[in-house]
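S.K.: Have a look at the structure that comes next, please.
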Amino acid sequence: MIRFQMGTVSKHQAGVKDRISELPEALLCHIVSFLPTTWAVRTTVLSKRWKNRWTSLITNLDFEDSREFETDEQGCYHSNRFMNFVDRVFFLRDSLDIKKFRLAISYSDDFSRIDAWICIAVMRNVVELDLDLRDVSDGGEADFEMPQSLFKSKTLAILRVSS
């Protein structure tokens, strides 16, 4: 892990040119699209130009709860952290079309949020949808049902579902 001390910049670092920010917008978008969404959001620390830049760069949304939201210090899993992060990304990002939406959830009992995310992706003209719903249940016997809007999508070309 790389650690930075705030406010300390060496003479060499002060003279280094920010070449990433000089790249064309289309190339930046292409590069960021390969990052998992949590990493793309972290690009806000790269420079002033990148502050909240991810909101207009990301066309591929890749969410996996096990990557960064697994456990707290006591080893307990908190699905709310992950769910809140996904909500914030959808709320903050521009209304760009979504090329690919990947959602991998190891546990959730909140069908309404999953349903809403899929509906938003469909409204944003998603082309590829990859759902890995490993242990998604409402705590009872009910199974998750795909939203009807998914089956009416005019842009969806690839649908992968695993459970």
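The values are calculated or read from the model by the stated rules, or taken from the named source; none is laboratory data. Given the structure is predicted, the values throughout are model-derived calculations rather than measurements. Counting neighbours? That spans all protein chains shown, and the Cβs are built from the backbone with ideal geometry, glycine included.
S.K.: Identify all residues within segment 88-103 that are within 18 Å of PRO147 (Cβ to Cβ) and not charged (D, E, K, R); write none if there are none.
M.R.: If the condition is that a residue be within 18 Å of PRO147 (Cβ to Cβ) and not charged (D, E, K, R), then PHE90, ILE98, PHE101, LEU103 are the ones that fit.
S.K.: Another question, then. Looking at segment 135-143, is at least one residue at pLDDT 80 or above and in contact with a strand residue (DSSP E or B) (Cβ under 8 Å, 6 or more places away or on another chain)?
M.R.: No, every residue in segment 135-143 fails to be at pLDDT 80 or above and in contact with a strand residue (DSSP E or B) (Cβ under 8 Å, 6 or more places away or on another chain).
S.K.: Among all residue pairs at least 6 apart or on different chains, which show Cβ distances below 8 Å where the first residue, located in segment 77-89, is closer than 12 Å to ILE114 by Cα and the second is surrounded by fewer than 19 Cβ atoms within 10 Å (Cβ to Cβ) and at pLDDT 85 or above?
M.R.: Hits for this filter: MET83/ARG113; VAL86/ARG113; ASP87/ARG113.
S.K.: Identify all residues within segment 68-95 that are touching a strand residue (DSSP E or B) at 6+ places or on another chain (Cβ under 8 Å), loosely packed, with under 14 Cβ neighbours inside 10 Å and at pLDDT 85 or above; write none if there are none.
M.R.: Of everything in segment 68-95, nothing turns out to be touching a strand residue (DSSP E or B) at 6+ places or on another chain (Cβ under 8 Å), loosely packed, with under 14 Cβ neighbours inside 10 Å and at pLDDT 85 or above.
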